[in-house]
1. So which of S289, S257 ends up being without any contact (Cβ under 8 Å) to a residue 24 or more places away in the chain and either polar (S, T, N, Q) or buried (at least 19 other Cβ atoms within 10 Å of the Cβ) (or both)?
2. Taking only the range 98-129 into account, find how many residues are within 12 Å of the ligand (Cβ to nearest atom), within 12 Å of A8 (Cα to Cα) and within 13 Å of the chain's Cα centre (by Cα).
3. Is at least one residue of the range 262-281 more than 22 Å from the chain's Cα centre (by Cα), among the charged types (D, E, K, R) and either within 24 Å of G63 (Cβ to Cβ) or more than 13 Å from the ligand (Cβ to nearest atom) (or both)?
4. Considering only the range 258-319, give the strands (runs of 3 or more DSSP E) lying wholly within it that have at least 2 residues that are over 29 Å from E76 (Cα atoms).
5. With the structure loaded, tell me whether A79 is under 20 Å from Q215 (Cβ atoms) and loosely packed, with under 14 Cβ neighbours inside 10 Å or whether it fails that test.
6. Being within 25 Å of E234 (Cα to Cα) and either crowded, with 18+ Cβ neighbours inside 10 Å or away from the ligand (no atom under 11 Å from the Cβ) (or both) is the filter here; which residues of the range 130-153 pass it?
7. Determine which single condition T319 fails, assuming it passes every other condition in (1) among the β-branched types (V, I, T); (2) within 10 Å of the ligand (Cβ to nearest atom); (3) assigned by TED's automatic domain parsing to the domain that holds N163.
8. Can you name every one of the strands (runs of 3 or more DSSP E) wholly within the range 185-245 that holds 1 or more residues which are within 22 Å of the chain's Cα centre (by Cα) and without any contact (Cβ under 8 Å) to a residue 24 or more places away in the chain?
Amino acid sequence: MQVLIIGAGMAGLSAAQEFVKNGHQVIVLDKGRGVGGRMSTRTIMPPDSQKGNADNIAKADHGAQYFSSKSPDFQEFVADFTQQGIIKSWQLAQRDFLRYVGTKGMNTIPKKMAENLTVFTNEKVIKIERKQVFTESEKVYTPDILILTMPAPQVLELFLHSNIQLNSSEKEHLQAIHYAPCFAVLAVLKEPTAIQSGGLILEDSPISWIADNFQKGITQTPTATIHASPEYSEENLEGDIAQIGEFLLKSASEWISPANIVSHQTHRWRYSLAQKRVENPYLEITNLSLPVLCGGDGFGIGNIEGAYLSGKAMAKRFT
Ligand SMILES: Cc1cc2nc3c(=O)[nH]c(=O)nc-3n(C[C@H](O)[C@H](O)[C@H](O)COP(=O)(O)OP(=O)(O)OC[C@H]3O[C@@H](n4cnc5c(N)ncnc54)[C@H](O)[C@@H]3O)c2cc1C
């Protein structure tokens, strides 16, 4: 069967791998410049005067920072990618059990997953009409199965533009999913920080997390990632991004001294962690001209592991 998957994040790629394994023809579309979705690693180019020296190119994990692996299915995936050198374990000083990260950055994991798949990036899906799926670049796909893996509010938006009427239970399911927003500051540093084990979880603070990407082993040029807490991000969602960046850096000054900062950039994630999720690993939309399944980290256990399991479960629905 011809399968069209929207979203090349963890859920879309895990679904794609499983569909391909079961003999289906798969195309994955993503509106982003690259694959990975919220498993994003930023490359920060040096000022003109220092260009040409590869050691000056800084990298920072921008979205997801690490993940846990509890289910047998995901453990098998993590073991395979660890053996290939794509994933490594990370022991945070504040936590007892092991976490995992991309050896060279979080986005090397989805990049590896996408290697043998047909993925088209810079392709935004804007409408579904009967059996046809339309993109902003005016391409039209006619799949036998459609898989949607973007955050639930974006799925609802797509259905609205497509004039698709969901039944009340489907609407309730999708509307029940809530994502915390998150402001992220990426700072290029002169020197690595003294943060123990390279990652710090904070409570009762406008900041929830600080990572030292040099200590994490993904960059030769020291960088830090600062994530604002869900509460602070929610309260300041439409605030001035430059001021928010300055405020977060000031709040982090105990661990990153202002004199250590070379440059910084601030970003707003409207959807970060799926705080409220529905229990099932996916939602099947009924009464359409083709099977349409919605999945991703809003379904099941959430996070990167939940997105992986959701993707796999959607593909297994057709075996
Ligand atoms: C700041 C931040 C911190 C996080 N920290 C952690 C962490 O420490 N540990 C953890 O496990 N998880 C963390 N997460 C959550 C984790 O990143 C997600 O749970 C997981 O990556 C979700 O994968 P997904 O495939 O479900 O969704 P996504 O990664 O969002 O993938 C959906 C894809 O759909 C694409 N898309 C959307 N609309 C369209 C359209 N119309 N047409 C085409 N493509 C479209 C998007 O570009 C995107 O690539 C964090 C997330 C953020 C943002």
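1. Just one listed residue meets the conditions, S257.
2. 3
3. No.
4. 261-269
5. Taking the combined requirement at face value, the residue does not satisfy it.
6. T149, M150, P151, A152
7. In the conditions (1) among the β-branched types (V, I, T); (2) within 10 Å of the ligand (Cβ to nearest atom); (3) assigned by TED's automatic domain parsing to the domain that holds N163, T319 misses (2) alone.
8. 207-212
The values are calculated or read from the model by the stated rules, or taken from the named source; none is laboratory data. Remember, it's a predicted structure, so these values are computed and weren't measured experimentally. No Cβ is skipped: glycine too gets one built from the backbone with ideal geometry, and neighbour counts run over all protein chains shown.
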